[in-house]
């Protein structure tokens with residue numbers, strides 16, 4: 001999708017600070033971090049949201065990739081949170097499926 005912010009990041013049209021990548025997934029630092037570590041994990045193929053995702057293998061790969069990012073960021077022992085905001089009421093601001101990997105501080109509950 002040509003006007004999607006994350007698709008443009010994938011294409012290299014918009015710079016990002018890459019953390020990790022594979023042929024199907026990109027992880028990069030959030031420009032507005034909500035924790036000391038805040039990494040976004042996105043599929044390279046455009047999927048609007050978790051509600052629109054219909055590929056369980058891709059979803060499993062995203063979650064596994066998020067866990068590997070957390071480990072590489074040194075969050076495995078202290079703990080971290082993985083969040084998928086979906087839709088307006090869920091707090092999704094970019095219409096491209098993405099996971100937030102948050103850590104480096106104690107997370108509170110409820111989150112919002």
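Fewest neighbouring Cβ atoms within 10 Å first, the residues 107, 58 line up as 107, 58. With neighbour counts taken as other beta-carbon atoms within 10 Å, the residues 47, 57, 41, 69 rank, fewest first, as 57, 47, 69, 41. Taking the fewest neighbouring Cβ atoms within 10 Å as the starting point, the ordered list for 13, 76 is 13, 76. Computing Cα extents along the principal axes in Å directly from the structure and comparing it against [x] 40, 34, 20; [y] 38, 29, 28; [z] 39, 35, 29 singles out [y].
Taking the Cα atoms only, what angle lies between the long axis of helix 56-72 and the longest principal axis of the chain, rounded to 10 degrees? In the chain, helix 56-72 runs at an angle near 40 degrees to the longest axis.
Computed from the coordinates by the stated procedures, all read-outs in this text should not be read as laboratory data. None of these values were measured; they are calculated from a predicted model. Glycine also receives a Cβ, built like all others from the backbone with ideal geometry; neighbour counts cover every protein chain displayed.
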